[in-house]
Amino acid sequence: MKQIYALALSLVSVVTFADVTNSGQHLFILSGQSNMARLEPSKVFIPTLIKEFGESNIIIVKEASGGLSIQHWKKNWPPQNQNIYLRLITLINQAIKNKSIQTVTFVWMQGERDAKEGYGSMYSDNLKELLKQLQIDLGHKNINFVLGRLSDFGLNNPNFPHWNLIRSSQTEIAENSPYGAWVNTDDLNDGFNLEGVSIKNDLHYSVEGYNTFGKRLAEKSIELISRQTQ
């Protein structure tokens, strides 16, 4: 499943990064696998941010695709037609043209494929590399990031041997950075899914689960931005 979402596009190729204590827009970059693709920012995530910052002060960019390893977000990783990062950075550059950006927040929900394929030992380094890519390509050193931690779906599932390892990597990276945070998703995968089917500890979230997920991501983003702008 793939979904591309972008707001506030402009045709003028100028961007500046304002001091975090000064006025400027807040950029939110959403990316990841299917649980990010299924999240509709307009339902809860964006309204929560608008309430805090005002509609004219936020820019949202989303690029998500299900079933892919984090390697597809490596800048120079082939095949190029499946490189999510290149598509994501193109959308970002379009969205921030001629804008003054005060803060950047990266919102990430991914890791299921890596847990299934046994790539857990590389996950921490790959995620750090992704964050570094964004810092370099956006010319913005202090990028906030909010990680959706893998849910309880694969805790005892032999088909996802590195599930626990990736969960631990996600929380460790977030907790060891002044710009990082993570949100719990263990309670989001029970209830009724988007197709109206009852689910329990599912890989994907319920309808209400996605709404709660959006709210948690937005609230953590606001918390991180508040630390920078106080």
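The values are calculated or read from the model by the stated rules, or taken from the named source; none is laboratory data. Since we're looking at a predicted model, the values are computed, not measured. Reconstructed Cβ throughout: ideal geometry from the backbone, glycine too, with neighbour counts over all protein chains shown.
Numbers for the structure displayed
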{"quantity": "Matching entry among D125, D114 (being surrounded by fewer than 18 Cβ atoms within 10 Å (Cβ to Cβ) and within 16 Å of H72 (Cβ to Cβ))", "calculated": "D125"}
{"quantity": "Residue match in the range 74-86 (condition: touching an Asp or Glu at 6+ places or on another chain (Cβ under 7 Å), part of a helix (DSSP H, G or I) and under 22 Å from G148 (Cβ atoms))", "calculated": "yes"}
{"quantity": "Some residue of the range 144-160 being touching a Lys or Arg at 6+ places or on another chain (Cβ under 8 Å), touching a residue at least 24 places away in the same chain (Cβ under 8 Å) and surrounded by fewer than 18 Cβ atoms within 10 Å (Cβ to Cβ)", "calculated": "yes"}
{"quantity": "Test: K43 is in contact (Cβ under 8 Å) with a residue 24 or more places away in the chain, outside any helix (DSSP H, G or I) and in contact with a Phe, Trp or Tyr (Cβ under 6 Å, 6 or more places away or on another chain)", "calculated": "no"}
{"quantity": "In the range 183-227, the residues that are surrounded by 17 or more Cβ atoms within 10 Å (Cβ to Cβ) and either of a type in the set (K, R) or at pLDDT below 95 (or both)", "calculated": "R216, K220"}
{"quantity": "Boolean, G67 is closer than 19 Å to N35 by Cα and surrounded by fewer than 18 Cβ atoms within 10 Å (Cβ to Cβ)", "calculated": "yes"}
{"quantity": "Number of positions in the range 50-73 that are within 21 Å of R149 (Cβ to Cβ) and either out of contact with any helix residue (DSSP H, G or I) (no Cβ under 9 Å at 6 or more places or on another chain) or assigned to a helix (DSSP H, G or I) (or both)", "calculated": "4"}
{"quantity": "Test: residue in the range 22-36 that is in contact with a helix residue (DSSP H, G or I) (Cβ under 7 Å, 6 or more places away or on another chain), modelled with pLDDT under 95 and either among the hydrophobic types (A, V, I, L, M, F, W, C) or part of a strand (DSSP E or B) (or both)", "calculated": "no"}
